[in-house]
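See below for the structure under consideration.
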Amino acid sequence: METGWQHWVEETVNRALAEDSAWGDVTTQALIPADAEGRASLIARSPGVLAGIEVAHLVFTMVDSSLRFGALLADGDRLQPGTRIATVDGRVSGILRGERVALNFLQRLSGIATETNRYVEAVQGTKARVVDTRKTTPGLRLLEKYAVRAGGGQNHRGHLGDGILIKDNHLAALRAAGLGIRDAVELARTKAPHTLKVEVEVTSVEEALEAVEAGTDIVMLDNMGLEDMRRAVRAIGGRVLIEASGGVTLDSVKAVAETGVDLISVGALTHSVKALDISLEVEPSRQG
């Protein structure tokens, strides 16, 4: 991990461990001798794509630095029911204190990677790229966007300072002052750093063309029907990138991709994904 990324992940893991009172596990303290040792295996219980293996490793290391974590797979690898993902050797008490937090990260991130991969596979054969949104779990955005990449998807903006996205509410506020799409793009170009791209959310072909003519870099077709998307793609003619957004599902994503758009943003990749079923099984080997 890069230094900045490592520091952020360590802080995130530390907060999760504190939330779970990992150093105050009264059940383990009451039942498990301090010198009892064993091996635990992390095992996939359903098919999917792995993400978060290094985060799980960090959880166990932070709980008990003497634990020995052995990753058997890497993020992005395919899982089948029964696949062993990793082993953890050492004090059973440390393994048990880190179990839930490690699984929470691993299951959540692998669920995101798995769902992302389903969308990516659905649009194969088209030029469309599947991207995420900012509809993420508060405090976990960097990890969840990482999981999207592990599943073969790409990232949209990481935060509000990552790019200019002029949405419907921005335009509504400007229209109250008598300003329109062209004015919004011009204001963005004038007041924002020149290194940032400008994207405009539109709801009609006419608005899409207005945004293109105003000099935007990307047009977002928001909740538009397939025929309107096709019309917008033809009218824009490759002059700017085109993103489709709003209500895209696994059942509809292929049809959206076939309209010719360049990007398809899917909030469901992170805001309502199902965690992948992964378990931890302990095999005690010695007890003092």
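Mind checking which residues of the stretch 231-252 are touching a strand residue (DSSP E or B) at 6+ places or on another chain (Cβ under 7 Å) and either surrounded by fewer than 17 Cβ atoms within 10 Å (Cβ to Cβ) or not in a loop (DSSP other than H, G, I, E, B) (or both)? Step through it out loud before you land on a result.
Of the residues in the stretch 231-252, the ones touching a strand residue (DSSP E or B) at 6+ places or on another chain (Cβ under 7 Å) are 232-233, 236, 240-246, 248.
Answer for the stretch 231-252, where residues must be touching a strand residue (DSSP E or B) at 6+ places or on another chain (Cβ under 7 Å) and either surrounded by fewer than 17 Cβ atoms within 10 Å (Cβ to Cβ) or not in a loop (DSSP other than H, G, I, E, B) (or both): Ala232, Val233, Ile236, Leu241, Ile242, Glu243, Ala244, Ser245, Gly246.
Filter the stretch 69-115 down to residues that are in a helix (DSSP H, G or I) and of a type in the set (Asp, Glu) and give me whichever is nearest to Glu10 (Cα to Cα).
Ranking the candidates gives Glu99 first.
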- Task: Just give me the residues in the stretch 48-83 being farther than 30 Å from Ala34 by Cβ and in contact (Cβ under 8 Å) with a residue 60 or more places away in the chain, in sequence order.
- Result: Gly48, Val49, Leu50, Ala51, Asp75, Gly76, Leu79
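So, restricting to helices (runs of 4 or more DSSP H) that lie completely within the stretch 162-230, which ones have at least 2 residues that are farther than 30 Å from Glu258 by Cβ? It would help to see each step written out before you state the result.
Numbers: elements: 168-175, 181-191, 205-214.
Answer list for the stretch 162-230: 168-175, 181-191.
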- Item | Candidates Thr116, Thr136, filtered to the one that is closer than 28 Å to Asp20 by Cα, surrounded by 18 or more Cβ atoms within 10 Å (Cβ to Cβ), of a type in the set (Val, Ile, Thr) and in contact with a helix residue (DSSP H, G or I) (Cβ under 9 Å, 6 or more places away or on another chain) | Thr136
- If you scan the stretch 30-45, which residues turn out to be in contact with a Leu (Cβ under 9 Å, 6 or more places away or on another chain) and crowded, with 16+ Cβ neighbours inside 10 Å? Ile32, Ala40, Ser41, Leu42, Ile43, Ala44
- Query: If you scan the stretch 253-281, which residues turn out to be surrounded by fewer than 17 Cβ atoms within 10 Å (Cβ to Cβ) and either closer than 23 Å to Glu213 by Cα or hydroxyl-bearing (Ser, Thr, Tyr) (or both)?
  - Reply: Ser272, Ser279
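Per-residue answers, yes or no, for (1) in contact with a strand residue (DSSP E or B) (Cβ under 8 Å, 6 or more places away or on another chain); (2) among the β-branched types (Val, Ile, Thr):
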{"site": "Thr136", "(1), (2)": "no, yes"}
{"site": "Gly153", "(1), (2)": "yes, no"}
{"site": "His156", "(1), (2)": "yes, no"}
{"site": "Leu160", "(1), (2)": "no, no"}
{"site": "Ile164", "(1), (2)": "yes, yes"}
{"site": "Ala176", "(1), (2)": "no, no"}
{"site": "Gly180", "(1), (2)": "no, no"}
{"site": "Ala184", "(1), (2)": "yes, no"}
{"site": "Leu187", "(1), (2)": "no, no"}
- Note on the structure: Listed by first then second residue, the pairs whose first member lies in the stretch 118-133 and is without any contact (Cβ under 8 Å) to a residue 24 or more places away in the chain, whose partner is of a type in the set (Phe, Trp, Tyr) and assigned to a loop (DSSP other than H, G, I, E, B), with beta carbons under 8 Å and at least 6 positions apart or on separate chains, are none
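Residue check: is Val148 aliphatic (A, V, I, L, M) and closer than 30 Å to Gly238 by Cβ? Before the answer, list the steps.
Values: aliphatic (A, V, I, L, M): yes; closer than 30 Å to Gly238 by Cβ: yes.
Criteria met by Val148.
For (1) within 15 Å of Ala122 (Cβ to Cβ); (2) touching a Leu at 6+ places or on another chain (Cβ under 8 Å), each residue gets a yes or a no:
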residue: Leu209; (1), (2): no, no
residue: Glu213; (1), (2): no, no
residue: Leu221; (1), (2): no, no
residue: Asp228; (1), (2): no, yes
residue: Arg234; (1), (2): no, no
residue: Val240; (1), (2): no, no
residue: Leu250; (1), (2): yes, no
residue: Val256; (1), (2): yes, yes
residue: Leu263; (1), (2): yes, yes
- Does Ser65 meet the test of being assigned to a strand (DSSP E or B) and surrounded by fewer than 17 Cβ atoms within 10 Å (Cβ to Cβ)? no
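Just so you know, all these numbers are worked out from the coordinates, no wet-lab data involved. Since the model is a prediction, treat every value here as computed from it, not as a measurement. Every residue, glycine among them, receives a Cβ derived from its backbone with ideal geometry; neighbour counts consider all protein chains shown.
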